[in-house]
Amino acid sequence: MPETKRLSSARVLEHASGDKRFKILDAHIKRHQHRQDALIEVLHKGQELFGFLDDDLLLYIANRLMLPPSRVYGVATFYHFFTLKPQGAHTCVVCLGTACYVKGAAKVLAAVEAAAKVKAGETTPDKQLSLLTARCIGACGIAPAVVYDGAVTPHQTPESALAQLKGWLPHGH
């Protein structure tokens, strides 16, 4: 096959869907000069553009940065900020660090799981709430802490957590 007719895998992957978000991601990668050490920045941009990092997007990024897919997946799963599944309209992150755990975070988590009818790491079927956990959010002095839509909230109890979620859950729990 002549060289002009042969398509590289990068060319095939390039904007195959026609989605303009890939062009924006490519510009971001180019701004970082396709450096492999820019992986975290590129993953952040990908998640910002697409809402989450699915397998196809991780492969696309791996190809663009010339990294093994296992490395990209490993970084995406190591850092708490990255998510591989679509998230709900709202997020609730219960800190399970030592200070929060000792002061009752497990009870807070159990109450939210029961009310939302999902386990940690899941999203409600109506896509209104994603329930997540964190190893530590660095708010030990206000333990137990929960992050609601990015806002850290101190001294949470099962009751206060459910009050925060009112309106996000079916039937106003």
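A dipole drawn for the chain from +1 and -1 charges on Cβ atoms has a positive end, and of Gly150, Gly104, Ile61 the residue lying farthest that way is Ile61.
The order of Ile29, Ile61, going from fewest to most other C-beta atoms within 10 Å of their C-beta, is Ile29, Ile61.
From Cα pairs below 8 angstrom and at least 6 apart in sequence, can you work out the relative contact order of segment 90-172, rounded to a whole percent?
On the way: 144 pairs, mean separation 32.3, N = 83.
Contact order relative to length: 39 percent.
The Cβ shell under 9 Å around Gly88 holds other residues with a net charge of 0, Lys and Arg each +1, Asp and Glu each -1.
The fewest-to-most ranking of Ser130, Ser160 by surrounding Cβ atoms within 10 Å reads Ser160, Ser130. Taking Cα centre as origin and charging only the Cβ of basic (Lys, Arg, +1) and acidic (Asp, Glu, -1) residues, the dipole magnitude of segment 24-158 rounds to 260 debye. Compute the separation of the alpha-carbon centres of segment 133-160 and segment 12-88 and state it in Å as a whole number. Answer, in whole Å: 29. Helix 39-50 sits at what angle to the longest principal axis of the chain, using alpha carbons and giving 0 to 90 degrees rounded to 10? That works out to roughly 80 degrees.
Please give the contour-minus-distance gain from His32 to Leu84: 0.36 nm per residue of separation, less the Cα-Cα distance, rounded to one decimal in nm. Write down the numbers at each step before the final one.
Numbers: separation 52, 0.36 × 52 = 18.72 nm, distance 2.31 nm.
Roughly 16.4 nm would be gained on extension.
For the chain, the antiparallel share of DSSP beta bridges with both residues in that region comes to about 55%. Once the Cα-Cα distance is subtracted from the 0.36 nm per residue extended length, the Ser160 to Glu41 segment shows a gain of 39.3 nm. In this structure, the residue pairs whose Cα-Cα separation is over 18 Å, taken from Lys20/Lys85; Lys30/Lys85; Lys23/Lys85; Lys117/Lys166; Lys23/Lys127, are Lys20/Lys85; Lys30/Lys85; Lys23/Lys85; Lys23/Lys127. According to the Kirkwood relation over distinct C-alpha pairs, the hydrodynamic radius of segment 90-172 is 12.2 Å. Only one residue of Val94, Ile29, Gly121 has its Cα farthest out toward the positive end of the dipole of the chain, where Lys and Arg carry +1 and Asp and Glu -1 on Cβ, and that residue is Ile29. Restricted to Cα atoms, the chain shows a radius of gyration and a Dmax of 19.8, 69 angstrom.
Taking amide H as placed 1.01 Å from N in the peptide plane, Leu132 has its amide H under 5 Å from the amide H of Cys92, Val93, Val94, Gly121, each at least 5 places away in sequence or on another chain. The modelled label-to-label distance between Ser70 and Ala106, using points 7 Å beyond Cα along the C-beta direction, is 3.5 nm.
Read-outs: derived from the displayed coordinates by stated rules, not from any lab. Keep in mind that what you see is a predicted model, and the values were worked out from it rather than measured. Positions of Cβ are backbone-derived with ideal geometry, glycine not excepted, and every protein chain shown enters the neighbour counts.
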